[in-house]
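The values are calculated or read from the model by the stated rules, or taken from the named source; none is laboratory data. Keep in mind it's a predicted model, so treat the numbers as computed, not measured. Using ideal geometry, Cβ is built from the backbone for each residue, glycine included, and neighbour counts are taken over all protein chains shown.
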Amino acid sequence: MKRHWKHILLRSGDPFIWLTGGALAASLLLVIGMIALIFVSGLGFFWPHALTKFDLGDGKQVLGALMEREEVPNPDNPEHAVRHRIKVKQGNRDLYGMDFLWIDEDQIKSRELPGDAVQVERMEWGHFYGYVKEVKDGDKPVATGAEAFAKVQALLPEAERIREEIRSLERDSVGEINYYQNQVRLKLKKLHMDGVDTGPEVDALTKEMDSWQQKYIDLTKRIAELKAKQTYSVSFTAPAGALASGEREKTMALAEILRVDKPNHMSFVEKCSYYLAKVWEFVAADPRESNTEGGVFPAIFGTVMMVMIMSVLVTPLGVLAAFYLREYAKQGTMVSIVRIAVNNLAGVPSIVFGVFGVGFFIYFMGAGTDKALFPEMLPTPTFGTGGILWASLTLSLLTVPVVIVATEEGLAAIPPSMREGSLALGATKFETTVRVVLPAVMPSILTGLILAMARAAGEVAPLMITGVVKLAPSLPLDGYFPYVHLERKFMHLGFHIYDVGFQSPNVDAARPMVFTTTLLLLGIIVLLNIGAIFIRNRLRKKFSAATAAI
Amino acid sequence: MSSPASTDTDRTDLEVPGRSTEKTATGHSPMRIAVQDKAQDADAAPEVPMVEVQNVDLYYGQKKALKNVSLVYPQKRVTAMIGPSGCGKSTLLRCFNRMNDLVEGCRVEGSIKINGRDIYDPALDVTELRKNVGMVFQKPNPFPKSIFENIAYGPRLQGIKDKARLDEIVERSLKGAALWEEAKDRLNESALALSGGQQQRLCIARAVAVEPEVLLMDEPCSALDPISTGKVEDLIVELKERYTIIIVTHNMQQASRVSDYTAFMLLGDLIEYRDTTTLFSRPSDKRTEDYITGRFG
Ligand SMILES: Nc1ncnc2c1ncn2[C@@H]1O[C@H](COP(=O)(O)OP(=O)(O)OP(=O)(O)O)[C@@H](O)[C@H]1O
Ligand SMILES: [Mg+2]
């Protein structure tokens with residue numbers, strides 16, 4: 001009887017459905033869990049934390065944001081009452097030496113949320129938590145106590161304007177002068193290499209050099225003037241920390257301060273606006289403090305640009321190769337072997353491609369280019385070192401199998417009758433290929449490209465040795481001729497995650513940044529894919545009546 | 001193969017059924033249709049040969065798919081090709097626009113002339129030939145483009161870029177294929193959105209757009225429902241005013257409805273070729289009779 005029942009169950013195939021469905025559900029759950037984790041950890045990062053004052057007795061106080069709470073592990077005495085401890089971000093690295101502090105809960109005598117506690121964001125040393133004491137203009141006190149906070153808020157916009165102006169002068173204008181001076185220097189060097197050391201050409205160049213030098217001197221003067229305007233300073237008080245009693249004082253130049261907030265005093269709307277400002281800073285600003293603060297704009301830019309260059313390189317390469325394999329090559333053992341090889345190429349570890357990129361692109365092609373085109377720069381390499389072009393080329397090699405396979409599949413799916421229809425109208429094979437086959441295979445090409453982009457955007461290992469750096473001084477695209485600087489090193493979100501999360505001096509403080517950056521990377525890949533899928537579906541709609549599926 | 005003299009006479013004053021058949025070396029008559037059969041046709045105009053096939057052998061590698069086939073297709077007539085599956089109808093048809101060139105290992109011997117010109121002459125431009133000899137396939141094969149672009153495809157290949165000219169050609173071709181009324185409001189929609197019958201008429205329009213002289217149709221209705229089939233058949237009858245049509249069909253009724261002449265093939269041999277009425281009413285070969293009465297095939 002029992003056997004009979006089992007037999008029916010097996011015959012019906014229901015267990016198999018449960019099994020397959022279960023597998024799908026498990027995978028979906030894992031993916032959803034991962035995305036949820038990244039979302040929560042990543043998006044929560046910017047929300048302002050309340051500042052709590054923990055009284056530890058004996059006059060010892062800690063002011064900071066509560067980050068985590070956990071049970072104190074107590075393996076020796078399991079039946080002992082469960083104790084908890086909390087992790088507090090106390091900031092003030094310059095005073096205490098570390099940002100985070102574990103406190104056992106039974107040490108805490110009392111907690112309160114002081115309304116006038118401020119959170120200071122500054123150029124260096126991470127957050128400062130404390131109380132505003134006094135604002136001074138030079139040596140002259142301007143505001144103290146309760147007015148000081150308002151005064152700081154009033155002064156900050158002007159301070160920021162001056163800081164930005166100095167920064168733009170130091171970076172852009174000085175950069176520009178450096179750039180042109182360097183150009184002149186190289187021209188002189190080239191002339192020297194050609195044996196010309198005197199004459200009108202040299203004189204003209206020397207003169208140009210002098211004029212740039214004069215501009216540089218003017219500029220330094222201007223910067224000094226601006227710096228002279230930065231006279232304000234703000235002093236704060238903060239508890240002396242968990243180890244000492246009393247208070248400590250800290251004075252900073254106003255120019256050092258980015259923003260001052262009273263998180264315990266913020267209304268919901270203010271919190272939201274704080275949040276949005278932080279998010280905007282994250283995507284639009286340059287990184288600070290070895291990438292743990294500020295934004296990731298250069299990394300976003302580098303990632304997107306690298307993927308774009310890679311797409312531009314990989315599409316023609318892969319499509320042409322696939323066309324040759326499927327349309328022109330004589331189908332036989334040779335072609336089959338090539339096809340298998342191409343398929344296997346997709347499984348080669350990416351670092352291998354990176355090594356190839358270094359060996360072939362950088363050391364061979366790059367060094368060759370330098371010798372041929374930029375001899376005056378040597379021994380400083382131009383293309384003979386990692387750069388966005390070589391990184392993109394390496395990634396194109398990595399992803400070209402994907403494009404080839406997708407295109408080939410598309411070509412194979414085009415019925416021979418379609419080609420015959422074109423040939424029968426008097427088209428040559430080439431005309432047929434270009435006018436009928438290529439448009440028909442376009443959706444497949446784009447599918448391949450989508451896969452290639454997704455792979456390329458997430459790839460880090462080969463990039464680390466072919467051109468990605470922790471901090472790039474300039475973007476690979478800017479206002480100086482030739483505008484696109486393919487030889488430059490660049491920043492990349494994937495590498496940024498690794499760098500911030502595991503290489504930075506202050507891993508604890510940077511950890512939320514890892515999630516945020518991951519979220520951003522995911523978002524960018526999704527955006528790139530949506531763009532490509534959108535184009536592909538439009539093409540599909542154009543070509544077929546069948547409703548396009550993703 | 002065929003002597004130029006005989007062809008010349010054939011072309012000037014040959015009437016279908018051809019009479020000068022005894023001249024060929026093999027004794028196979030290029031036109032086997034008997035004079036007396038044709039005599040029934042009161043308004044029998046002199047037939048002008050369009051496609052002349054003489055002693056054609058065709059090999060797919062070692063396999064001989066056509067065996068010494070000789071026949072002449074008259075101009076502006078519909079000639080049907082019937083015969084059991086695998087007898088070589090498509091193979092013969094695809095010789096006329098040299099689609100067999102695409103098949104590896106395919107070899108053609110003998111002579112095929114269209115309008116007096118040997119189409120296997122090495123000096124001949126195959127694409128020119130194909131512009132002159134249109135083809136409609138068994139399954140409709142529109143390009144994945146708009147209706148307009150499908151029809152403009154051939155003219156564009158010939159270098160016509162002028163939008164007004166193309167518009168005019170598209171309209172004329174669609175009208176010629178009896179599709180204008182159904183398609184005129186959706187010219188920019190995908191051709192794949194049309195029904196099967198419409199697609200097949202679109203393919204006919206596409207072939208007609210390059211103004212060929214000969215139209216080859218390989219079972220053009222086999223994928224269509226009876227109503228669409230009827231429309232295509234009507235169209236074929238209309239088209240023969242202007243084109244020489246050679247149509248392969250498995251449907252005896254269709255052959256008798258649309259064609260003027262019918263050729264029956266069997267295992268690569270041309271068995272019988274005469275005007276359709278006679279072939280279906282009084283076949284002279286036993287095998288033809290067996291086939292059309294459904295005893296085999
Ligand atoms: N590409 C090819 N390579 C080798 N042999 C072929 C090829 N095409 C056709 N043949 C062979 O040639 C013979 C004639 O084929 P063909 O397609 O002309 O037959 P058909 O009369 O059109 O048949 P059907 O009515 O089924 O379409 C068949 O025996 C077939 O197997
Ligand atoms: Mg056939």
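Would you check which residues across segment A:340-364 are closer than 23 Å to A:Val319 by Cβ and out of contact with any Ser or Thr (no Cβ under 8 Å at 6 or more places or on another chain) and list them? Full working, then the answer.
Of all residues in segment A:340-364, those closer than 23 Å to A:Val319 by Cβ come to A:340-348, A:350, A:353, A:356-357, A:360-361.
Result: A:Ile340, A:Ala341, A:Val342, A:Asn343, A:Asn344, A:Leu345, A:Ala346, A:Gly347, A:Val348, A:Ser350, A:Phe360.
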Mind counting the residues in segment A:308-336 that are out of contact with any Ser or Thr (no Cβ under 8 Å at 6 or more places or on another chain) and closer than 30 Å to A:Glu281 by Cβ?
2
Hey, can you tell me all the residues within segment B:196-223 that are within 16 Å of ligand 1 (Cβ to nearest atom), over 30 Å from B:Gly116 (Cβ atoms), surrounded by fewer than 24 Cβ atoms within 10 Å (Cβ to Cβ) and more than 12 Å from every other protein chain (Cβ to nearest Cβ)?
B:Ser222
Being more than 13 Å from ligand 1 (Cβ to nearest atom) and within 14 Å of chain A (Cβ to nearest Cβ) is the filter here; which residues of segment B:92-113 pass it?
B:Asn97, B:Arg98
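Determine whether B:Asn100 is over 29 Å from B:Ser195 (Cβ atoms) and buried (at least 19 other Cβ atoms within 10 Å of the Cβ).
Details: over 29 Å from B:Ser195 (Cβ atoms): yes; buried (at least 19 other Cβ atoms within 10 Å of the Cβ): yes.
Spelling it out, B:Asn100 is indeed over 29 Å from B:Ser195 (Cβ atoms) and buried (at least 19 other Cβ atoms within 10 Å of the Cβ).
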In segment B:227-253, what residues are within 16 Å of ligand 1 (Cβ to nearest atom) and either of a type in the set (Gly, Ala, Ser) or under 17 Å from B:Lys139 (Cβ atoms) (or both)?
B:Ile247, B:Val248, B:Thr249, B:His250, B:Asn251
For segment A:1-116, please list each of the strands (runs of 3 or more DSSP E) lying entirely inside it that holds at least 1 residues being within 29 Å of A:Gly523 (Cβ to Cβ).
A:60-71, A:84-89, A:100-104
In segment A:269-293, what residues are without any contact (Cβ under 8 Å) to a residue 40 or more places away in the chain and over 19 Å from A:His492 (Cβ atoms)?
A:Val269, A:Glu270, A:Cys272, A:Ser273, A:Leu276, A:Ala277, A:Trp280, A:Glu281
Here is a list of conditions, (1) of a type outside the set (Asp, Glu); (2) surrounded by fewer than 16 Cβ atoms within 10 Å (Cβ to Cβ); (3) closer than 30 Å to A:Gln503 by Cα, and A:Phe268 meets all of them except one; can you say which number that is?
(3)
Can you tell me which residues in segment A:468-525 are β-branched (Val, Ile, Thr) and modelled with pLDDT of 80 or more?
A:Val468, A:Val469, A:Ile497, A:Val500, A:Val514, A:Thr516, A:Thr517, A:Thr518, A:Ile524, A:Ile525
The correct count of residues that are more than 8 Å from every other protein chain (Cβ to nearest Cβ) and in contact (Cβ under 8 Å) with a residue 12 or more places away in the chain in segment B:150-160 is 4
Log entry, pairs with first residue in segment A:212-223 being part of a helix (DSSP H, G or I), second being small (Gly, Ala, Ser), beta carbons closer than 7 Å, six or more apart or on different chains, reads A:Leu219/A:Ser173
Residue under evaluation A:Thr428, criteria (1) facing another protein chain (nearest Cβ under 10 Å); (2) within 15 Å of the chain's Cα centre (by Cα); (3) of a type in the set (Val, Ile, Thr), criterion not met:
(2)
Tally up the residues in segment A:244-265 that are surrounded by 15 or more Cβ atoms within 10 Å (Cβ to Cβ) and more than 16 Å from A:Val118 (Cβ to Cβ), please.
1
Output for segment B:114-138, where each listed residue is within 18 Å of B:Ser90 (Cα to Cα), in contact (Cβ under 8 Å) with a residue 60 or more places away in the chain, within 13 Å of chain A (Cβ to nearest Cβ) and surrounded by 20 or more Cβ atoms within 10 Å (Cβ to Cβ):
B:Val133, B:Gly134, B:Met135, B:Val136, B:Phe137
Please find, within segment B:59-80, the residue that is nearest to the other protein chains (Cβ to nearest Cβ) out of those that are of a type in the set (Phe, Trp, Tyr) and away from ligand 2 (no atom under 15 Å from the Cβ).
B:Tyr73
Quick check on B:Asn141: is it within 16 Å of ligand 1 (Cβ to nearest atom) and not β-branched (Val, Ile, Thr)?
yes
Evaluation of B:Ala263 against (1) within 14 Å of chain A (Cβ to nearest Cβ); (2) within 16 Å of ligand 2 (Cβ to nearest atom); (3) not hydroxyl-bearing (Ser, Thr, Tyr) (one fails), failing number
(1)
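Just a yes or no: is a residue in segment B:81-91 within 16 Å of ligand 2 (Cβ to nearest atom), touching a strand residue (DSSP E or B) at 6+ places or on another chain (Cβ under 6 Å) and within 12 Å of chain A (Cβ to nearest Cβ)?
Residues of segment B:81-91 that are within 16 Å of ligand 2 (Cβ to nearest atom), as a first pass: B:81-91.
Restricting the remaining residues to those that are touching a strand residue (DSSP E or B) at 6+ places or on another chain (Cβ under 6 Å) gives B:81-83, B:87-91.
Now restrict to residues that are within 12 Å of chain A (Cβ to nearest Cβ): B:90.
Yes, segment B:81-91 contains a residue that is within 16 Å of ligand 2 (Cβ to nearest atom), touching a strand residue (DSSP E or B) at 6+ places or on another chain (Cβ under 6 Å) and within 12 Å of chain A (Cβ to nearest Cβ).
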Kindly list the number of the only condition in (1) surrounded by 22 or more Cβ atoms within 10 Å (Cβ to Cβ); (2) away from every other protein chain (no Cβ under 13 Å); (3) more than 19 Å from B:Glu213 (Cα to Cα) that fails for B:Pro144.
(2)
Given (1) loosely packed, with under 12 Cβ neighbours inside 10 Å; (2) assigned by TED's automatic domain parsing to the domain that holds A:Ile257, identify the lone condition not met by A:Gly195.
(2)
Would segment A:196-218 turn up any residue that is in contact with a Phe, Trp or Tyr (Cβ under 7 Å, 6 or more places away or on another chain) and polar (S, T, N, Q)?
no
Pairs only if they're at least six apart or on different chains, beta carbon under 8 angstrom, first in segment B:218-230 and of a type in the set (A, V, I, L, M), second part of a helix (DSSP H, G or I) and buried (at least 19 other Cβ atoms within 10 Å of the Cβ); list them, first residue then second.
B:Ala223/B:Gln200; B:Leu224/B:Gly197; B:Leu224/B:Gln200; B:Leu224/B:Val232; B:Ile227/B:Gly197
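Name the one entry in B:Val248, B:Val214, B:Val258 that is under 13 Å from the mean Cα position of the chain (by Cα) and within 16 Å of ligand 2 (Cβ to nearest atom). Step through it out loud before you land on a result.
Values: B:Val214 fails: within 16 Å of ligand 2 (Cβ to nearest atom); B:Val258 fails: within 16 Å of ligand 2 (Cβ to nearest atom).
Residue meeting the stated conditions: B:Val248.
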